[in-house]
Amino acid sequence: MSSFGSPRDSERGEPDSSLLDSGIDLADLEVAPTRHFSRWVWSFAALVLVAMGANLLITNEQFQWDVVAEYLFSPVILRGVRLTLVLTVASMAIGISLGIVLAVMRTSNASLLRAVSSAYLWFFRGTPLLVQLIFWFNLGALLPELSLGIPFGPSFMSWETNSVISPLMAALLGLGLNEAAYMAEVVRAGLLSVDEGQVEAAQALGMKPTLTLRRIVMPQAMRVIIPPTGSRTIQMLKTSSLVSVLALPELLHSAQVVYSRTFQTIPLLVVASIWYLFFTTVLSAIQRRIEAHYARGSSRHVVDTTPRWKRSLGRFSILKPSSSNQAEVDDD
Amino acid sequence: MTEPVVVARGVRKRFGSIEALRDITLDVQAGEVVCLLGPSGSGKSTFLRAINHLERISGGYLLVNGHLVGYRMKGNKLYETSVDETCARRAEIGMVFQNFNLFPHMTVLGNVVEAPQRVLKLKRETAIERATALLDRVGLSDKLESYPRQLSGGQQQRVAIARALAMEPRLMLFDEPTSALDPELVAEVLNVMTDLARDGMTMIVVTHEIGFALEVADRVVFMDEGIVVEEGSPEEVLSNPMHERTRSFLSRVL
């Protein structure tokens, strides 16, 4: 091990360069395919685990697949599905609108607005959503009456809190206000991604701040905002199951109502899971489409927007010969 | 004699402890082309941006078209005006940036139509007519539906000039309009600017293009460390500079 570069040669006894004089036709040398031994071992191990899982699904009678089939499209479950979708859409709508306001406040020059926005984020991201949901549900204990009027002055109208804060209202407040804190960060990242020169150019043309935001900044920020918003929507679909603690008959609670009566816990959880999986799959597909659409505008390169499953079909040459340009895209 | 388009008296600008502008006094007459020269950090871009209030000033008096931009005088103090008033004043001043700053999500035509339609409230057809004519004038009538990213730097800067002209400004500000361009694309932008100058547009140009200054400018202003060191006809300042600082700058850029 005296000089660098040589240990290998000395272990093997002879340097590779000695082949030059050996008389072998060196131009005829071929490269043997690389063997991925460990890859085979791990793949086999994974296959065994998958087989065990499949075996469990088929042979374990506790899944009661007939019960799953019976309840999958039952009215009570479908009503739950509908409420879950309503909660997802409405909470995201609240979250996105309030998130935009919070993000604009956060990027404002007024330090008080920035501080208020930061405090909001600090609170809503720093406490568990479940705690917030229960808090909203019990708002009546804190404020017995809600009233509309001049701050610190007279009030014009007032309601009893418990009549306003229904479980649905508590769920929307909890999910929506919490989501706003996260969406604020998403929107802020989008706003910051737009070059300052864009705002200056708009100002130099005499455009007012609101017009600049609406016509120049927001459309460009959308490219950065949309992908995480899609992920958060998918997240919200699943998170909405938390409001089952408010006895709101969304998907999970509907399943719970049935199994508390029939004691078929596992099959009903499977029913709920199938619906969650169905909608997250659909939403993911939509999100991939939207992302591909926005990626198209952002670069001069051609982006393949063919869905992934179609592309993988193309790899089986019998089904569909893969075109040369697709291969190029795959290489990228 | 008519009132100057730009009147600057003792304009000052401080960034923290740094004095970017110290007592700038300058008049620009209607139809005049003034080139601002000077080393980087001399305050020429800051002064240009102060003219349309992209940069607040710390003191002094700055009139454009007979109006203060972004300020109102009360007693002997300047107060910032409402955003609406500032925007109205800015709409009368065209500006072209070093990095073009075209709106990437809009077509070339969309870029030029946007402000006339939404700030001047022109009818869309009128705005399109005006934009088409201007884009034809800068030689881009075949690129109306292209997006900025599909254009060369020189083409983008010509769109930016058309976009500024669509507001029918009485003054055009150019902030190093050719500095971000590949050398072979500089000429096409300078040609458009030369045509504009010949048509009688009042222009203030921050530039390093000495050739353009010699050929087109009516007056050259040499700035350094936030003051006007020297000003005069291009021949005087560029061929026969009086000050040592002007001389050493010119020897470096020529």
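Each value in this text was obtained by applying a stated rule to the coordinates, not by laboratory testing. Treat the numbers as computed from the prediction; the structure is a model and nothing was measured. Neighbour counts are summed over all protein chains in view; Cβ atoms, including those assigned to glycine, are modelled from backbone coordinates with ideal geometry.
In segment B:161-249, what GluC sites (Glu not before Pro) fall in a loop by DSSP, with at most 11 other Cβ atoms inside 10 Å?
none
Between rounded, prolate and oblate, where does segment B:16-96 land on the alpha carbon gyration tensor, with a ≥ b ≥ c its root eigenvalues, rounded for a/c under 1.5, else prolate if a/b exceeds b/c?
Oblate is the answer for segment B:16-96, as a/c is 1.5 or above yet b/c matches or exceeds a/b.
Given H placed 1.01 Å from N in the peptide plane, which residues other than close sequence neighbours of B:M95 have an amide H under 5 Å from its amide H?
Amide H to amide H, under 5 Å and 5 or more residues apart or across chains, B:M95 pairs with B:L173.
Cα-Cα over 28 Å: which of B:K74/B:K121; A:K208/B:K123; B:K44/B:K123; B:K44/B:K143; A:K208/B:K13?
B:K74/B:K121; B:K44/B:K123; B:K44/B:K143
Of A:L246, A:L143, how do they rank once you tally other Cβ atoms within 10 Å and put the fewest first?
The fewest-first ordering by Cβ neighbours comes to A:L143, A:L246.
What Rg and what Dmax come out for segment A:62-294 when only alpha-carbon atoms are used, in angstroms?
21.3, 70
Tell me, A:V258, B:V64, A:V104 in order of fewest to most beta-carbon neighbours within 10 Å?
A:V104, A:V258, B:V64
Using θ = phi - 60° and the Karplus relation 6.51 cos²θ - 1.76 cosθ + 1.60, list the HN-Hα couplings for segment A:68-79 in order, rounded to whole Hz, with x at every Gly or Pro.
4, 4, 5, 9, 3, 10, 6, x, 5, 5, 4, 4
If a/c stays under 1.5 just call it rounded; otherwise compare a/b with b/c (prolate if a/b is bigger, oblate if not). Do that for chain B, with a ≥ b ≥ c from the square roots of the Cα gyration tensor eigenvalues.
Note, shape of chain B comes out oblate.
Would you pull out the residues with amide H under 5 Å of B:A30's amide H, same chain only if 5 or more places away, H placed 1.01 Å from N?
When sequence neighbours closer than 5 places are left aside, the close amide H contacts are B:V5.
Provide B:K74, A:K238, B:K13 in ascending order of the number of other Cβ atoms located within 10 Å of each residue's Cβ, fewest first.
Sorted ascending by nearby Cβ count, the order is B:K74, A:K238, B:K13.
Just report the Cα centroid separation between segment B:163-240 and segment A:170-206, whole Å.
38 Å
Say a paramagnetic label sat at a point 7 Å from the Cα of A:T127, along Cα to Cβ; which residues of segment A:157-185 have their backbone N under 15 Å from it?
Under cut-off, by backbone N: A:170-171, A:173-181.
Could you give the distance between the Cα centres of segment B:1-79 and segment A:21-57, to the whole Å?
Taking the Cα centre of segment A:21-57 as reference, the centre of segment B:1-79 is 73 Å away.
Taking every DSSP beta bridge that has both residues in chain B, what percent is antiparallel when rounded to the nearest 5?
For chain B, the DSSP antiparallel bridge percentage is about 60.
Amide H to amide H under 5 Å from B:V229: which residues, 5+ apart in sequence or cross-chain, H placed 1.01 Å off N in plane?
B:F222, B:M223, B:D224
Per residue, how big is the convex hull around the C-alpha atoms of the protein assembly as shown? Give it to me in cubic angstrom, could you?
Looking at the protein assembly as shown, the number lands at 349 Å³ per residue.
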